[in-house]
1. Mark the label point 7 Å from the Cα of Glu230 along Cα→Cβ and return the residues of region 283-322 whose backbone N is within less than 18 Å of it.
2. What list of ³J(HN,Hα) values in whole Hz, one per residue of region 289-295 in order, does the Karplus curve 6.51 cos²θ - 1.76 cosθ + 1.60 (θ = phi - 60°) give from phi, with Gly and Pro shown as x?
3. Using amide H atoms built in the peptide plane, which far-off residues or other-chain residues are under 5 Å from Glu214 H to H?
4. With a Förster radius of 45 Å, plug the Cβ-Cβ distance of Ala303 and Leu237 into 1/(1 + (r/R0)^6) and report the FRET value to the nearest 0.05.
5. Skipping prolines and chain starts, which residues have an amide H placed within reach, meaning under 5 Å, of the one on Val379, given they are 5 or more residues away or on another chain?
6. Explain nothing, just the number: relative contact order of region 371-414, from Cα pairs under 8 Å at least 6 residues apart, as a whole percent.
7. Rank-order 294-304, 1-11, 389-399 by packing density, defined as the average count of other C-beta atoms within 10 Å over each peptide's residues, highest first.
8. Exceeding 32 Å between C-alpha atoms, which entries from my cross-link table qualify? They are Lys57/Lys260; Lys18/Lys290; Lys18/Lys271; Lys18/Lys212; Lys290/Lys364.
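Every number in this text was worked out from the coordinates using simple rules, so none of it is lab data. Just so it is clear, the model here is predicted, and its values are computed rather than measured. Every residue, glycine among them, receives a Cβ derived from its backbone with ideal geometry; neighbour counts consider all protein chains shown.
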Amino acid sequence: MTSLGLGGCLADDMGLGKTLTLIALHLHRQGAAESAGPTLVVCPTSLMGNWQREIEKFAPGTPVRRFHGGRRSLADLTDGEFVLTTYGRCGWTPPPWRAPAGAGRRRRGAARQEPFSATARALHAARQGPGGADRDAGGEQPVGAVGHPGLDDAGTVGVVGPVPAAARAVDRGRRGGHPRRPLRRTDWPGWCGRSCAPTQVRSGIAPELPPKTETDRAVALTAEQAALYEAVVREGLGEIAGTDGLARRGLVVKLLTALKQVCNHPAHYLKEPPGAPDAGAARFAGRSGKTELLDELLDTILAEGAGVLVFTQYVGMARLLAAHLAARGVPAQLLHGGTPVAQREEMVRRFQDGAVPVFLLSLKAAGTGLNLTRAAHVVHFDRWWNPAVEAQATDRAYRIGQTQPVQVHRMVTEGTVEDRIAALLARKQRLADAVLGSGRRR
């Protein structure tokens, strides 16, 4: 695709080697051209350290530069160099699902028309030879990399059309009782993905991966949680009854969020500060079914000498858990969106070395890119609306390099909105299986 001047999207299941594939593409292009120019990697902040380690491991000797701090310079770039930067730093964000109106085919050099800011412009200027001629003479080709079951047409906007339209067509066929053709069997140029279902991919492409067991752990509300849950429902429905339109939708979202926080812990909903004087270890755990179950799981996991990842979508809840575990004397560390890059890398190193067995992670900041194969257990403390997000978080542990069987524990509070979310996720997963399919492309 890149040799034709087009971009592409590498859509593999998480942990199957997208980073390695793109490093191999970089090395291949360096060998195929006298001056292929540098490669710009635009990724979330939490992935920069992982990219650097992977490049040093699989392409030793390849120069790597981070464009992250304010004093970084791209004035002396060389051919064959990797430049790592973040979305915000280069003035670019991942594209929306739909192509912009009037978008045409991407041709050689089309990436220069993208809304890149300082970093990309500096990179392009560095690639100009004497007299302003492009040394590569082929322009830049964007290559997207997304994990299961993400779909992305970033690399071929205007060439194949938006992916979601086809996904909706598949769904309409399912609901109408008509035979459907999985997207993986559709001949789209630019769609470079494994042609098997995720479980088949892992057993076929990566047969060395150990088994993975996923379990829904049902817990009951404590008396305090039940009373608070009922009060929040009554108050929220009263507010919703007198509204309509966008205001009503906003109140519905607010109510759902509040109920999920009550299911986590009363202190989470009531915004009690972590480590409050009346929130000792026993008192804190005794107020929530989830924290009681988490303590039981951690006691067993730590007795086995294993590592565990604990994901929550709420940084506030993660802070409460960190204070609770500290009060119990359990070695733990917390990574969230505000954690500095250098500290994130040190946390990953300490966990992988076994120095800290419990890793608390916010779902948004740590759900992609990190290699945390020291973990034999993954705990989803609360559920997200999209099953792909949970799958990506689980794959921080269940990926190439993992040598232990992985146990995934999903906490669900019985008789609450979390039960409904679990049912919704099951329906979404069935739709994803229908869309992606399991048959090989002919």
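1. From region 283-322, the list is 288-289.
2. x, 5, 5, 4, 5, 4, 4
3. Amide H to amide H, under 5 Å and 5 or more residues apart or across chains, Glu214 pairs with Val408.
4. With R0 = 45 Å, the Cβ-Cβ based efficiency is 0.50.
5. Answer set, sorted by chain and number: Leu309, Val310, Phe311, His409.
6. On the way: 54 pairs, mean separation 25.5, N = 44.
RCO, region 371-414: 58 percent.
7. Values: 294-304: 15.4, 1-11: 19.0, 389-399: 23.7.
Output ranking for 294-304, 1-11, 389-399: 389-399, 1-11, 294-304.
8. Lys57/Lys260; Lys18/Lys290; Lys18/Lys271
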